[in-house]
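Asks: This structure is in structure tokens; I'll ask about it shortly.
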Amino acid sequence: LTESTQDAERQKDAPEEPVDSSTDEDEYDDIEDDDDEAMDEGEEPTTCLFCAEIFPKLETAMEHLNVRHKVNLSQLKAKFQMDQYSFIKLINFIRANKTTAEQLLSADQALWQDEKYLKPQEYETWLCYDYEALKTDAQPTVAELHERIAEQSRMLQQANEDMERMRSDYKELLQKVHGDSGSKAASNPVPRNNPNLDKEYFNSYSHFGIHHDMLSDKVRTSTYRSALLQNEAVVRGKTVLDVGCGTGILSIFASRAGASRVVGIDNSDIVHTAMDIVRKNNVENVELIKGRLEDTDLPEAKYDIIISEWMGYFLLYESMLDSIIYAREHHLNPNGIILPSRCTLSLLGYGNDTLYAEQVDFWSDVYGVNMSDLRKSSIKEPLMEVVDAQFTLTEPEQIANFDIMTVDLNYPNFSYNFSLKVTKEGRLSAFVGFFDTLFELPSAVMFSTSPNETPTHWKQTVFFIDQPQAVKAGDVITGKITSRRHKEDVRALSVDIEVFGKKHKYMVV
């Protein structure tokens, strides 16, 4: 007690220390700094992006991603050239779409670029990390570099095609303004193929087998015959141009429907046999010519009706529609018509496990040999097959509609965002493309290559996907399909389908 009293007296007599007005504020700052330090260290529970596991801090969760799910954020950063905002979009994209690690790893382009993914569903520590600090020392693989170069080449090719179309449009405009039609070759805007590829294409139609397949296709041939013979009032007394006449069957149908004159043209040697067929059937008003339409002077400059069976696999393969457009622009009378009048292209979801095993999984074990390296190729090249309609899993959706009187040369290049409604439970392993062909005449006729209709020689086009997905009735499968003319073979198509968080690339050749 005595010592305490003495200490109190000494403190009372001691000189007064100046008051530090910042003391309380510093103490508050210290507390705040401590909190910031804890936050910087990621000391906050973090839920894995791909499973339900929760970790005490973000760094542990990142390590878990790498070890358990094989997802390395540094590698993703390098692969997709990602910045802070890109990672925020990625995190929100994964949460919104319940993307799996496998889907993310198989993606060959950033599918999370949409600005809507900047808005989070809820707060989480993944969104607070400084992704700019991630090191990206890993060098891209040769395959990745090749893919980047290929993608840039595709983009450059598309830009070149757009520029060429603009030049052609400008030239045609100048010709109309100045009344200068120019030479036939100079005014020809149709894309030219590699001469060797074109030679192979026309030679393929010189063989008997392909014409047997087409003529024995009752749906195809009888529909064309009905379109002409049931509409004699439209055809009678008219001049007809048959583009790609082949064996001459459509020219003969047009003659029987009352056409005053029919001219058929084909660049394949089969046309010589067709000339004999016309003579043997005593069809006097049909004249057949061998040559490429764009390079040939026809007996008459203009015609009342242009008819052609130009459709290929997936409707657009072969790009023969190019020649129909040329014929329309150069050889159709002002009030003329084109048959068929319209074609539509559709897509549906499909799931036949047996077909998938035969065509895709087959490569995993070929007589005891692992040939899985060929699996990717089996997916990249769509299968032309008459599919069993019982395995259709969605309603079909029209993805393109071509009015032949107005379609332009850009027709192979289109994109469509689809929403396919699932009609029954199953494992979706492919998308199936088919087309409808319409003759919009007083007595209208049409045919469809749908799996639900009588099979045709066009069959259906099956686009397999890498990882089949379980679906149930009521689900809606959203995605995007993009088609473009192939840069090396103008008769072929490059098709991309973006769905289930992955972009699948196909070549219709």
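The values are calculated or read from the model by the stated rules, or taken from the named source; none is laboratory data. Keep in mind that what you see is a predicted model, and the values were worked out from it rather than measured. Here the Cβ is made from the backbone with ideal geometry for all residues, glycine too, and neighbour counts use every protein chain on show. Calculation scope for accessible area: heavy atoms of the full protein, side chains included, ligands and nucleic acids excluded. Shrake-Rupley method; radii C 1.70, N 1.55, O 1.52, S 1.80 Å.
Asks: As an exercise: evaluate Glu453 against (1) buried (at least 22 other Cβ atoms within 10 Å of the Cβ); (2) assigned to a loop (DSSP other than H, G, I, E, B) and give the number of the one condition it does not meet.
Replies: Every condition holds for Glu453 apart from (1).
Asks: Among the residues of region 412-433, what is the count of those that are open to solvent by 10 Å² or more (accessible area, probe 1.4 Å) and in contact with a strand residue (DSSP E or B) (Cβ under 8 Å, 6 or more places away or on another chain)?
Replies: Selection size over region 412-433: 11.
Asks: Continuing with the same structure: In a strand (DSSP E or B) and open to solvent by 10 Å² or more (accessible area, probe 1.4 Å) - does that describe any residue in region 353-363?
Replies: No.
Asks: Kindly list, by first and then second residue, each pair from a residue in region 247-258 that is outside any helix (DSSP H, G or I) to a residue that is of a type in the set (S, T, N, Q), limited to pairs with Cβ atoms under 8 Å and residues at least 6 apart or on different chains.
Replies: Thr247/Thr273; Ala257/Asn231
Asks: List the pairs whose first member sits in region 359-379 and is free of Cβ contacts under 8 Å to residues at least 60 places away in the same chain and on the phi < 0 side of the Ramachandran plot, whose second member is exposed (fewer than 15 other Cβ atoms within 10 Å of the Cβ) and not hydroxyl-bearing (Ser, Thr, Tyr), and whose Cβ atoms are under 7 Å apart, counting only residues at least 6 apart or on separate chains?
Replies: Partner pairs satisfying both residue conditions: Trp363/Met371; Trp363/Leu374; Ser364/Asn370.
Let's see how each residue does on (1) crowded, with 22+ Cβ neighbours inside 10 Å; (2) among the aliphatic types (A, V, I, L, M); (3) modelled with pLDDT of 95 or more:
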{"residue": "Tyr350", "(1), (2), (3)": "yes, no, yes"}
{"residue": "Leu383", "(1), (2), (3)": "no, yes, yes"}
{"residue": "Asp403", "(1), (2), (3)": "no, no, yes"}
{"residue": "Val445", "(1), (2), (3)": "no, yes, yes"}
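Asks: I'd like the full set of residues that are part of a loop (DSSP other than H, G, I, E, B), touching a Ser or Thr at 6+ places or on another chain (Cβ under 8 Å), farther than 20 Å from Tyr411 by Cα and open to solvent by 40 Å² or more (accessible area, probe 1.4 Å), limited to region 458-509.
Replies: Lys459, Ala473
Asks: Looking at Gln469, is it under 26 Å from Ile307 (Cα atoms) and modelled with pLDDT of 95 or more?
Replies: Here the answer is no, as Gln469 does not meet what is asked.
Asks: Let me ask something additional. If I ask for residues that are at pLDDT 70 or above and open to solvent by less than 50 Å² (accessible area, probe 1.4 Å), which ones from region 114-156 would you list?
Replies: Scanning region 114-156 gives Tyr117, Glu124, Thr125, Trp126, Leu127, Tyr131, Leu134, Ala150, Ser153.
Conditions tested, residue by residue: (1) modelled with pLDDT of 90 or more; (2) open to solvent by 50 Å² or more (accessible area, probe 1.4 Å).
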site: Glu25; (1), (2): no, yes
site: Leu58; (1), (2): yes, no
site: Arg95; (1), (2): yes, yes
site: Leu104; (1), (2): yes, no
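Asks: List every residue pair whose Cβ atoms sit under 6 Å apart, with the two residues 6 or more apart in sequence or on different chains, where the first one lies in region 455-473 and is closer than 22 Å to Tyr506 by Cα and the second, anywhere, is of a type in the set (S, T, N, Q).
Replies: What qualifies is Trp458/Thr449; Pro468/Ser429.
Asks: Being acidic (Asp, Glu), part of a loop (DSSP other than H, G, I, E, B) and either surrounded by fewer than 21 Cβ atoms within 10 Å (Cβ to Cβ) or touching a Ser or Thr at 6+ places or on another chain (Cβ under 7 Å) (or both) is the requirement here; does Glu284 meet it?
Replies: yes
Asks: So which residues in region 260-276 are open to solvent by 10 Å² or more (accessible area, probe 1.4 Å) and over 38 Å from the mean Cα position of the chain (by Cα), if there are any at all?
Replies: Selection gives Ser260, Arg261, His272, Thr273, Met275, Asp276.
Asks: So how many residues does region 364-408 have that are assigned to a loop (DSSP other than H, G, I, E, B) and of a type outside the set (Val, Ile, Thr)?
Replies: Residues meeting the conditions: 13.
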